[in-house]
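Take a look at the structure set out below.
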Amino acid sequence: MRQRIDSHQHFWRPARGDYAWLRADVPALAPLVRDFLPEHLAPLLQAHDVERTVLVQAADSEAETGFMLELASAHEVVGGVVGWVDLGHPDAVASLERMARHPKFKGVRPMLQDLPDDDWIARIPRPDAIQALLRLGLRFDALVKPRHLSSLIRFLKHWPELPVVIDHAAKPPVGAHDSEAFAAWRKDMAELAALPQVCCKFSGLWGEAPPSTHGDVDAAVRAVRPVWEPLLESFGPARLMWGSDWPVLTLAGDYAGWIAVSEACIGRLSATEQSRIWRGTAQRFYGISTD
């Protein structure tokens, strides 16, 4: 079996109280309202030869980042943590400097998809906070939807040295690849890929596919492959990284199923190209040690 790095997974404990989106009264989310912790993921990682993961924030609080860093200290399999800092706050630089003292703190992720201002990323972050990201060698995860891409492009052109990865390929309309919306997404993603500091995660796409594909690997492959092909064309294997989006993934399928869907796409490449997507791109982008 090939070694893998899961570039995108979450742990949470709802009783901590800062996961505003994780609501039991929303039927679609109710299955996620329970603890998802390292002991729950460990058997899946072992079964699929995943040697390291990137643990990504799920709450817009610095307290959750502290919680994740504690888990990362206790569990070697967590190779890096992407936390949360309010980049528009006057204390952002101090927060980043404090968090960056932890060797596994790799970057930040504003929850852009949930903010009321779709143009937030182009207007609100403080220049000194972005400069601190650069000075501290940190990365930026962009949790966006297609409607945010034009603003993100403006932001990135202003900060050409900032390493950025697009989470979940910006959540395109999976299963609607003949639509105008899909064509617009494809155009914007190609423009983003033209910026050399931008990478993209091949993750979270089963959950964006029609419900009829959920639990059906073959149907998921048919829905996801039209997304995979333009991503490969635009970013290439050196700037694509695989991720599971566990446990959100469990709303659509399971860990083994998403690996099978991904294999159907990635497995057509050469061994070297496959290794980059399964492991190498994430290891390089996040600076993950596997020793």
Worksheet item: Which sequence of SER7, SER270 reflects their accessible areas, 1.4 Å probe, from the largest down?
Response: SER270, SER7
Practice prompt. Might you work out the accessible area of CYS200 for me, using a 1.4 Å probe with all protein chains in place, and round it to the nearest 10 Å²?
Written response: 0 Å²
Item to complete: Calculate one ³J(HN,Hα) per residue across segment 132-148 by plugging θ = phi - 60° into the Karplus curve 6.51 cos²θ - 1.76 cosθ + 1.60, and present them in order as whole Hz with x for glycine and proline.
Response: 5, 4, 5, 4, 8, x, 9, 10, 10, 8, 9, 8, 10, 10, x, 5, 8
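Using only the alpha carbon atoms of the chain, find the Kirkwood hydrodynamic radius as the inverse mean reciprocal pair distance, in angstroms to one decimal. Working shown, then result.
Working: mean 1/r = 0.0525 Å⁻¹.
With all distinct Cα pairs of the chain included, I get 19.0 Å.
Provide the three semi-axes, in whole Å and in decreasing order, of the ellipsoid equivalent to segment 172-291 as defined by the square roots of 5 times the Cα gyration tensor eigenvalues. Write out the running numbers ahead of the final one.
Numbers: eigenvalues 96, 72, 30 Å².
The equivalent ellipsoid of segment 172-291 has semi-axes of 22, 19, 12 Å.
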Worksheet entry | Solvent exposure ordering (accessible area, 1.4 Å, most first) of HIS148, HIS177 | HIS177, HIS148
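Looking at the P(r) of segment 58-151, how many percent of alpha-carbon pairs lie beyond 22 Å?
Numbers: 1155 of 4371 pairs.
Within segment 58-151, distances greater than 22 Å cover 26 percent of Cα pairs.
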Item to complete: May I ask you to give the percent of accessible area on the chain that is carbon plus sulfur, with a probe radius of 1.4 Å?
Response: 52 percent
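Hey, what's segment 87-286 come to in accessible area per residue, 1.4 Å probe, Å²?
Solvent-accessible surface per residue comes out at 40 Å².
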Response to the item:
If each K or R counts +1 and each D or E counts -1, the residues other than SER95 whose Cβ falls under 10 Å of its Cβ total -3
Worksheet item: Taking θ as phi - 60°, what are the ³J(HN,Hα) couplings along segment 116-123 by the Karplus curve (6.51, -1.76, 1.60), each to the nearest whole Hz, with x for Gly and Pro?
Response: x, 9, 5, 9, 3, 4, 8, 10
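Around LYS104, what is the net charge, scoring Lys/Arg as +1 and Asp/Glu as -1 over all other residues with Cβ under 11 Å from its Cβ? Could the numbers behind the result be given before it?
Numbers: positive: ARG52, ARG101, LYS106; negative: GLU70, GLU76.
Combined, the nearby Lys, Arg, Asp and Glu give +1.
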Practice prompt. Pick out, in residue order, every one of the GluC sites (Glu not before Pro) in segment 1-95 that is DSSP loop and has at most 16 other C-beta atoms within 10 Å; say none if there are none.
Written response: GLU76
Response to the item:
Hydrodynamic calc, segment 130-211: Kirkwood Rh from Cα pairs, then Stokes-Einstein at 10 °C with viscosity 1.306 mPa s, so D in µm² s⁻¹ is 119 µm²/s
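The values are calculated or read from the model by the stated rules, or taken from the named source; none is laboratory data. Keep in mind it's a predicted model, so treat the numbers as computed, not measured. Neighbour counts run over all protein chains shown; Cβ positions are idealised from the backbone, glycine included. Each accessible area value is taken on the protein alone, full model and side chains, heavy atoms only, with ligands, DNA and RNA left out. Shrake-Rupley method; radii C 1.70, N 1.55, O 1.52, S 1.80 Å.
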